[in-house]
Amino acid sequence: MKLKTLLLTFFISGMLSAQVVFDAKVSKKQLGINERLRVDFTMNKDGDDFEPPSFENFTVVGGPSQSISNSWVNGVRSFSKSYSFYLTPKKRGKFILGQATIEINGETYKTLPINITVTAAIDKPKDPNDPNYIASENIHLVAEVSNSNPYLNEAITVVYKLYVAQNTGVRNWREIDSPRFSDFWSQNIDVKGFDAKQGTYKGEDYRYVILRKTVLYPQKTGKLKIEALSLDVTVEVPSQKRDIFGRAFTSTVNRTVSSGNRTINVKPLPETGKPDSFSGAVGSFGFKITSNKQTLKATEALELKVEVAGKGNLKLFQLPKLVLPSALEVYEPEHTENVQVRGSGMQGSISDAYTVVPNYQGSYPIPNLSFSYFDIKTKRYKTLTSKRLIIEVNEGPTSVSSANNNTSSAVSENVIGSNLKQFSGFKTTTIFQPIDSKTFFKSPLFWGLLLAPFLIIPIFMFIVRNRTIRALDVSGNKIRKTNRLARKYLSEAKKSLGQKEQFYNALERALHNYLKSKLRLETSEFNKEKIEELLGSKKVNTLTLDVFISLLTACELARYTPLSVVDMQNDYDKAATVINALDKQLNS
């Protein structure tokens with residue numbers, strides 16, 4: 001009887017262990033829009049090709065993180081593997097968390113959909129010792145708009161600043177939602193380095209970093225929305241606990257911060273006094289027409305340039321069109337823009353260059369052109385008129401209308417004669433030279449071409465042999481390849497030795513760019529823990545991994561730590577060594 005019971009127990013446990021379980025679990029099914037949701041996809045057998053749902057109504061702020069558990073209880077193996085995600089809702093409402101899929105033993109398994117309800121923001125208990133509460137009070141993302149009541153096509157600047165309290169640190173951040181400026185012409189301004197500056201936020205002393213600058217030109221009137229920038233920030237906050245030296249321990253928390261939407265009111269340009277020649281230019285400009293020639297011959301070409309220079313929406317309006325007499329042949333203009341976009345807006349020049357060819361002799365006045373724009377400073381329209389130009393054509397055929405012949409035959413003869421003279425610039429004669437009568441046979445060139453293959457073939461064989469030897473040298477090729485990679489990614493850092501901030505910024509970019517190139521991943525989405533997890537999964541040894549992470553830490557702390565050129569050289573040498581070591585291990 002005992003034997004039967006034991007066999008039945010083993011049979012039932014075997015059946016249960018053979019059954020595949022793959023399901024999804026959430027930390028809560030109802031949450032506020034200011035809360036986070038944790039989702040775990042768990043399986044009792046290892047599988048491949050895991051595909052999470054789209055999370056279309058949520059933003060992934062953490063994950064996927066993977067955990068595996070293996071245990072033996074009374075001779076029975078228990079296996080569990082899970083993928084975890086951390087989500088923040090994008091809006092309120094009722095949503096369905098879709099199905100995840102995975103392939104286990106050739107079969108595809110799916111989780112069940114889960115209903116999630118997102119409510120309005122909820123009040124969280126304000127525990128002064130809670131790291132999340134401290135982080136929410138000590139870190140703020142602000143969008144500063146230079147002008148909230150601009151005119152149509154007037155430049156405004158949006159500066160996104162991250163304010164951090166004095167006793168709080170920021171380890172890293174990443175964008176989880178970038179603003180889209182659908183009603184604006186926009187261009188980002190490069191921010192060189194993230195230098196911490198001293199400032200105030202709501203009357204208190206803070207440090208701040210400028211994360212992004214964007215120049216906007218509103219293309220519609222009325223109330224326009226400037227969308228928010230949202231970040232996932234890793235924050236280090238002090239706790240109430242102290243070490244034996246009295247220094248406060250710090251806690252690390254992840255915090256989602258948003259600049260919030262901003263609304264501006266765009267005014268239409270006044271209708272009073274608007275000139276007929278106005279084409280939408282707003283700013284402060286100069287206007288001129290220039291010619292590269294004042295006198296020339298018929299059928300010669302000259303260039304007339306219509307140019308506007310100054311500060312304003314230079315890329316957003318059209319230049320006035322040049323209209324010339326019919327006796328001047330005019331080609332389509334070549335448009336040129338020499339415009340720089342800075343924090344205050346566009347400045348530079350735009351021009352249309354017309355190629356003009358006169359057909360007949362005479363004096364040709366270039367009609368005056370008018371250009372109108374709305375001056376932001378005076379809030380009035382201004383009209384500029386070009387200076388009068390006269391083009392003198394001294395040589396060439398005479399126009400039929402200016403000929404003195406009265407008879408039709410004379411006129412016809414004049415037209416024919418004039419048309420023939422148009423081709424006077426082309427050569428119609430040539431000078432023939434006798435061909436050299438020397439024979440090619442037995443000449444120095446003949447013997448040189450004859451013997452050349454006997455010299456080239458040994459050289460070619462020598463080159464091929466060396467290439468073959470080099471190709472078979474696997475270890476040598478790997479060393480040369482990794483050395484090239486190290487030089488490639490670290491060249492910018494080497495140029496900045498002695499300049500602390502530039503050097504460590506370049507060194508950090510080199511390390512991240514190496515990972516981006518080698519693993520084909522966007523490393524801007526990783527923090528140090530994720531990089532450590534990823535490289536660990538690639539079987540990178542612990543020593544190499546520790547050196548790589550320590551270099552990233554050194555880059556972050558460099559701006560707060562006094563360092564010598566010797567320290568920088570040591571870090572540079574470490575970086576070259578660790579890139580070589582990583583390349584060997586990732587290729588093995």
query = Which condition number in (1) on the phi < 0 side of the Ramachandran plot; (2) surrounded by fewer than 18 Cβ atoms within 10 Å (Cβ to Cβ); (3) part of a strand (DSSP E or B); (4) in contact with a strand residue (DSSP E or B) (Cβ under 6 Å, 6 or more places away or on another chain) is the one that Ser279 fails?
reply = (4)
key: Some residue of segment 218-240 being assigned by TED's automatic domain parsing to the domain that holds Asn172 and in contact with a His (Cβ under 9 Å, 6 or more places away or on another chain)   = no
inquiry  = List the strands (runs of 3 or more DSSP E) inside segment 28-104, counting only whole elements, that have at least 1 residues being under 29 Å from the mean Cα position of the chain (by Cα) and surrounded by fewer than 16 Cβ atoms within 10 Å (Cβ to Cβ).
reply    = 48-51, 58-73
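Looking for something among the acidic types (Asp, Glu), in contact with a Pro (Cβ under 9 Å, 6 or more places away or on another chain), under 30 Å from Lys382 (Cα atoms) and touching a residue at least 12 places away in the same chain (Cβ under 8 Å) - is there at least one such residue anywhere in segment 180-201?
Yes; the residues of segment 180-201 include at least one that is among the acidic types (Asp, Glu), in contact with a Pro (Cβ under 9 Å, 6 or more places away or on another chain), under 30 Å from Lys382 (Cα atoms) and touching a residue at least 12 places away in the same chain (Cβ under 8 Å).
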task = Only residues that are of a type in the set (S, T, N, Q) and in contact with a helix residue (DSSP H, G or I) (Cβ under 6 Å, 6 or more places away or on another chain): list them for segment 247-294, please.
result = Ser251
query = Only one residue in Ile376, Ile366 is closer than 30 Å to Val159 by Cα and touching a residue at least 24 places away in the same chain (Cβ under 8 Å), so which one is that?
reply = Ile376
ask   = When you look at Thr299, is it among the hydroxyl-bearing types (Ser, Thr, Tyr), surrounded by fewer than 19 Cβ atoms within 10 Å (Cβ to Cβ) and farther than 30 Å from Pro218 by Cα, yes or no?
value = no
request  = Return only the number of the condition from (1) at pLDDT 80 or above; (2) loosely packed, with under 13 Cβ neighbours inside 10 Å that Val547 does not satisfy.
outcome  = (2)
For Thr256: the one exception among (1) outside the structural domain of Ala143 (by TED's automatic domain parsing); (2) surrounded by 13 or more Cβ atoms within 10 Å (Cβ to Cβ); (3) assigned to a strand (DSSP E or B) = (1)
query = Restricting attention to segment 114-121, does a residue exist that is within 36 Å of the chain's Cα centre (by Cα), under 30 Å from Asp46 (Cα atoms) and either modelled with pLDDT of 85 or more or hydroxyl-bearing (Ser, Thr, Tyr) (or both)?
reply = yes
query = When you go through Leu497, Leu521 one by one, which is the residue that is assigned to a loop (DSSP other than H, G, I, E, B), modelled with pLDDT under 75, more than 13 Å from Phe548 (Cα to Cα) and outside the structural domain of Ser84 (by TED's automatic domain parsing)?
reply = Leu521
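Provide a single number: the residues in segment 326-384 that are of a type in the set (S, T, N, Q), touching a Lys or Arg at 6+ places or on another chain (Cβ under 8 Å) and surrounded by fewer than 16 Cβ atoms within 10 Å (Cβ to Cβ).
So the answer is 2.
The values are calculated or read from the model by the stated rules, or taken from the named source; none is laboratory data. Bear in mind that the values here come from a model prediction, so they are computed numbers and not experimental data. Note that we place each Cβ from the backbone using ideal geometry, even for glycine, and neighbour counts take in every protein chain shown.
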